[in-house]
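Reading through the structure tokens given below for one structure.
The values are calculated or read from the model by the stated rules, or taken from the named source; none is laboratory data. Note that the structure is a prediction, hence the values are computed from the model and not measured. Cβ sites come from the backbone with ideal geometry, for glycine too, and all protein chains shown count toward neighbours. Heads up: the accessible areas ignore ligands, DNA and RNA and are worked out on the full protein's heavy atoms, side chains in. Shrake-Rupley method; radii C 1.70, N 1.55, O 1.52, S 1.80 Å.
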Amino acid sequence: MKKISLIAFVLVALNSFGQGENNIWHFGYGAGLDFNSGAPVSINGGQTLQREGVAAVSDATGNLLFYTDGITVWQRNHLVMPNGNFLLGDPSSTQSATIIPVTGNPNQYYLFTCPAISSFGDMYYSIVDMSLNGGFGDVTATKNISLLDSVTEQCAVIPSTNGCVWLVARQFNPLFYAWMIDAGGIHPPVISNCGVFYDFANGSGVGYMKASSLNNKIAIANYGTTGVSSNFELYDFDNATGTVSNMALLAPLALSTIYACEFSPDGTKFYGADWGANIYQFDLTAGNTAAIQASEITIGTVGGSVGDIQIGPDQKIYLTVEGALSLSVINNPNALGVACNFNQGTINLGGNSCGIGLPGHVFPSLCTTLPSAAFIAPNHICPGTCTNFINHSTNATTYQWAFPGATPSVSTDVDPQNICYNTPGQYSVMLVATNVNGSDTLMLSNFITVYPYPAPQGISQSGDTLFAMAGAVSYQWYHNGIVIQGATNYYYVAQESGDYNIVATDINGCEVEAAIFDVVATITFEAVDLKVDVYPNPVIDKLIVGRNSRNIGTINKILIYDMPGKIIMVPGPISQLPFGLDVHSLSKGVYMIELSSGDKTLRSRFVKQ
């Protein structure tokens, strides 16, 4: 029959390291690294001449989009982007530039800039649109928009529990600001009074702010101007509410000034460096603050001032030494103590030198709204047939379908196929669409209509005429499984012996079939190897007389008889088959057409409607 159509930890890792968005770095004095092969490879062409903060972003497959020092934005071809000058970062700002994708617009990116503490300035943002300038991008008219005044040189981006992101910054007074950034844009900040007062006169407010890949802690390397005023600050962060709380201070063994810090990819270790030559590891699983402080170990030393410490796309941690022609690396940062495997100066920069900054992490846009369940399907069908569902849900990652009365009755496929209904009636369908933010349920009552069974069909025979049950909308006859062209009435005059069947279609478009076997047709042919077809049969106006064998030559006589044997029509001779014969003037009934060609005579019956 035919169907009729009417017509917990694994997530953290994903959030933290993304896909290819961070695979190209440009930093320092023309230095660059390409991580697309899985290991960092030096690249040239970068235009940065920046001692401190930089940012870069690629697409999900690791193709560079743009990079910046917070003052200038460069295209992937290393030319300055239109309107890409005079952003309000600073060459002396620790985190001069930070990039966050605009939720809901895959072509746009927020570019946040932090000032140098000496300016006591504002945090600003601009928007870069990669659909402009022939796909090379442009800084839009949304440029240098003030977000917060009197900020330090630090900020951090942290994924939220709902898949969106928080941007966290702080002022010199002990106030943290956390802005939720989602499809609605940049929301008013959550403000937390926590920490210590920063005196910019002694260098407080310089140094990196980093977030744990577990999204539950923030660390600040507070530079200061003396070892006494320099500390690593650890805070708890609630990524559901944006609240910062519970400051803990860790001091480097050397009691020297500090600048950079980083968490291990699994969030269990904390790394920092003093402005001299030492790199430290702290075990965050050791217990309270005193225990964490007591776990401090020097994992390596370098011959210069240690700058940024940054997780790479390969989940190793990379370190800059000011002016060096290479980067150092912590190969196994999740391991405890010297097992973390620190190697100095092993990542060659191809003759270019680094400053004390590396690009911060860009989080892919995982922010979604609640899911919305929707679907369509051919929903008026015949009994014993199947239908296919097309899912039009949005923002969903998993699906649960229910099809009561069908086989199968449930599915978790995106687009369930071959959902079959055997019994006439009306049936409901339910879809639950789910993502990390929640679920949406769509229940459509009586969505599927299964038509009644079509009227039973049968075939009877009277002479050479086969009769099906009248009353269907359309019919099609078959002889030995092959369609008979033009045989579309409820009766048919058998031209040949064999098996016949008919498919009748009712008003709902549902089909039912009947068959009759071993029909013996009484029509004979004097030359059985030269059979002639006539169609349509029954015919209304024009009868096509054709052949399905070799050419029999010129037809020199055509006669049409009625069933008593009286000649009714004598059409003129023709040269070849097939040909059309106008029979519209004949009365309704059964007739015989006779063709003569040389010594051969061919006959066939047809029905005139």
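Which order do peptides 320-331, 377-388, 284-295 fall in by mean Cβ count within 10 Å, highest first?
320-331, 377-388, 284-295
Counting only protein heavy atoms and using a 1.4 Å probe, what share of the accessible area of the chain belongs to carbon plus sulfur, as a whole percent?
Carbon and sulfur: 55 percent of the exposed surface of the chain.
Which value, in Å², gives the accessible area per residue of the chain when a 1.4 Å probe is used on the protein heavy atoms?
Ligands and nucleic acids excluded, the figure is 40 Å² per residue.
FRET efficiency for N334 and H380, Cβ-Cβ distance as r, R0 = 60 Å, nearest 0.05? Intermediate values should be presented prior to the final figure.
On the way: r = 59 Å, r/R0 = 0.98.
Efficiency, rounded to the nearest 0.05: 0.55.
Suppose R0 equals 56 Å. What FRET efficiency, 1/(1 + (r/R0)^6) with r the Cβ-Cβ distance, do L253 and V80 give to the nearest 0.05?
Numbers: r = 44 Å, r/R0 = 0.79.
Calculated value: 0.80.
Expressed in nm to one decimal, what extension gain is obtained for the pair N422 and Y29 from 0.36 nm per residue of sequence separation less their Cα-Cα distance? Before the final figure, lay out each step's value.
Numbers: separation 393, 0.36 × 393 = 141.48 nm, distance 7.28 nm.
Going from the current span to full extension adds 134.2 nm.
Under 14 Å from the Cβ of A97, count the other residues' Cβ atoms, weight Lys and Arg +1, Asp and Glu -1, and hand me the total.
Charge balance in the 14 Å sphere: -3.
Regarding the chain, what's the average projected area of the Cα-atom convex hull, expressed in nm²?
Across all orientations, the chain yields a mean hull projection of 40.7 nm².
Would you please give the FRET efficiency between D413 and S460, computed as 1/(1 + (r/R0)^6) with r the Cβ-Cβ distance and R0 = 35 Å, to the nearest 0.05? Write out the running numbers ahead of the final one.
Values: r = 47 Å, r/R0 = 1.34.
For R0 = 35 Å, the calculated efficiency reads 0.15.
May I ask for log10 I(q)/I(0) of the stretch 249-345 at q = 0.12, 0.14 Å⁻¹, from a Debye sum over the Cα atoms as equal point scatterers with solvent left out?
Debye intensities relative to I(0), on a log10 scale: -0.32, -0.44.
Just want to confirm a number: the relative contact order over the stretch 117-176, from Cα pairs under 8 angstrom separated by 6+ residues, in percent.
29 percent
With a 1.4 Å probe and all protein chains in place, put C510, C420 in order of accessible area, largest first.
Sorted by accessible area, descending: C420, C510.
Using only DSSP helix segments of four residues or longer, with each worth -39500 (n - 2.57), what per-residue ellipticity at 222 nm results for the chain after dividing by its residue count and rounding to 500?
Value at 222 nm, helices only: -500 deg cm²/dmol.
Cα-based Rg (one decimal) and Dmax (whole number) for the stretch 354-406, in Å?
Spelled out, the Cα radius of gyration and Dmax of the stretch 354-406 are 21.6, 74 Å.
Would you work out if the stretch 53-125 is rounded, prolate or oblate? Take a ≥ b ≥ c from the square roots of the eigenvalues of the alpha-carbon gyration tensor; rounded if a/c is under 1.5, else prolate when a/b is larger than b/c, oblate otherwise.
Prolate shape, in that a/c is at least 1.5 and a/b is the bigger ratio.
Which of rounded, prolate or oblate describes the stretch 192-273 when judged by the alpha-carbon gyration tensor and an a/c cut-off of 1.5?
Oblate, since a/c reaches 1.5 and b/c is not below a/b.
Taking the alpha-carbon set of the stretch 87-169, what are its Rg and Dmax in Å?
13.3, 39
What is the extension gain from N246 to D541, computed as 0.36 nm multiplied by their sequence separation minus the C-alpha to C-alpha distance, in nm to one decimal?
Taking 0.36 nm per residue and subtracting the Cα distance, the gain is 96.7 nm.
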